[in-house]
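Enquirer: Sharing a structure here in structure tokens format.
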Amino acid sequence: VQLQASGGGLVQAGGSLRLSCAASGRTLSKYYMGWFRQAPDKAREFVGGITRSGGTSYYADSVKGQFTISRDNAKNTVYLQMNSLKPEDTAVYYCAGRNGDYVATLPVDYDLWGQGTQVTVSS
């Protein structure tokens with residue numbers, strides 16, 4: 001399966017973006033899906049994740065209440081809605097999939113990765 005992240009761009013502080021992660025080759029419903037981000041010269045950071053059914057989501061403290069993850073298994077797509085964006089949210093955002101249907105926050109716990117989409121928040 002291949003993951004394709006999209007929806008990034010340049011936005012002013014306080015604005016919103018919705019990222020999408022589309023899967024091809026295999027049904028996305030077989031995977032727990034996570035979102036990560038990586039700012040320049042920083043380690044890849046877990047943002048949040050969602051179970052296969054979409055019934056449970058989990059967020060890093062740094063984005064709780066600001067970001068929302070959802071999925072549409074019929075469309076083989078996972079979303080990351082980002083609101084009230086801040087300059088410190090600037091990063092390349094990646095979607096990732098894993099076989100176990102529970103939260104995992106380390107990149108090594110994920111089996112599939114998308115290519116990343118750049119999000120830049122200007123002050």
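The values are calculated or read from the model by the stated rules, or taken from the named source; none is laboratory data. Because the structure is a prediction, the values reported are computed rather than measured. Counting neighbours? That spans all protein chains shown, and the Cβs are built from the backbone with ideal geometry, glycine included. All accessible areas refer to the heavy atoms of the entire protein, side chains included, with ligands and DNA or RNA removed. Shrake-Rupley method; radii C 1.70, N 1.55, O 1.52, S 1.80 Å.
Enquirer: Outside any loop (DSSP other than H, G, I, E, B), in contact with a strand residue (DSSP E or B) (Cβ under 6 Å, 6 or more places away or on another chain) and open to solvent by 10 Å² or more (accessible area, probe 1.4 Å): does that describe S20?
Expert: On the way: outside any loop (DSSP other than H, G, I, E, B): yes; in contact with a strand residue (DSSP E or B) (Cβ under 6 Å, 6 or more places away or on another chain): yes; open to solvent by 10 Å² or more (accessible area, probe 1.4 Å): yes.
Taking the combined requirement at face value, the residue satisfies it.
Enquirer: Does L80 meet the test of being outside any helix (DSSP H, G or I) and buried (at least 18 other Cβ atoms within 10 Å of the Cβ)? It would help to see each step written out before you state the result.
Expert: Working: outside any helix (DSSP H, G or I): yes; buried (at least 18 other Cβ atoms within 10 Å of the Cβ): yes.
Judged against the criteria, L80 is a match.
Enquirer: Next question, about the same structure. Given the criteria under 18 Å from T68 (Cα atoms), open to solvent by less than 50 Å² (accessible area, probe 1.4 Å) and in a strand (DSSP E or B), does G15 qualify? I'd like the intermediate steps shown before the answer.
Expert: Details: under 18 Å from T68 (Cα atoms): yes; open to solvent by less than 50 Å² (accessible area, probe 1.4 Å): yes; in a strand (DSSP E or B): no.
Taking the combined requirement at face value, the residue does not satisfy it.
Enquirer: Turning to a different aspect of this structure: Hey, can you tell me all the residues within segment 113-123 that are over 12 Å from the mean Cα position of the chain (by Cα) and at pLDDT below 95?
Expert: S123
Enquirer: Looking at the structure I just gave you, is L28 at pLDDT below 95, open to solvent by less than 60 Å² (accessible area, probe 1.4 Å) and of a type outside the set (S, T, N, Q)?
Expert: Values: at pLDDT below 95: yes; open to solvent by less than 60 Å² (accessible area, probe 1.4 Å): yes; of a type outside the set (S, T, N, Q): yes.
So L28 fits the description; yes.
Results for (1) farther than 20 Å from A23 by Cβ; (2) buried (at least 18 other Cβ atoms within 10 Å of the Cβ); (3) of a type outside the set (V, I, T); (4) touching an Asp or Glu at 6+ places or on another chain (Cβ under 8 Å), shown as yes or no for each residue.
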residue: P40; (1), (2), (3), (4): yes, no, yes, no
residue: V47; (1), (2), (3), (4): no, yes, no, no
residue: G55; (1), (2), (3), (4): no, no, yes, no
residue: K64; (1), (2), (3), (4): yes, no, yes, no
residue: D89; (1), (2), (3), (4): yes, yes, yes, no
residue: Y94; (1), (2), (3), (4): no, yes, yes, no
residue: A104; (1), (2), (3), (4): no, no, yes, no
residue: S123; (1), (2), (3), (4): yes, no, yes, no
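Enquirer: Is there any pair with a first residue in segment 50-64 that is at pLDDT 95 or above and a second that is among the polar types (S, T, N, Q) whose Cβ atoms are under 6 Å apart and which are 6 or more apart or on different chains, and what are they?
Expert: Hits for this filter: I50/S57; R52/S29.
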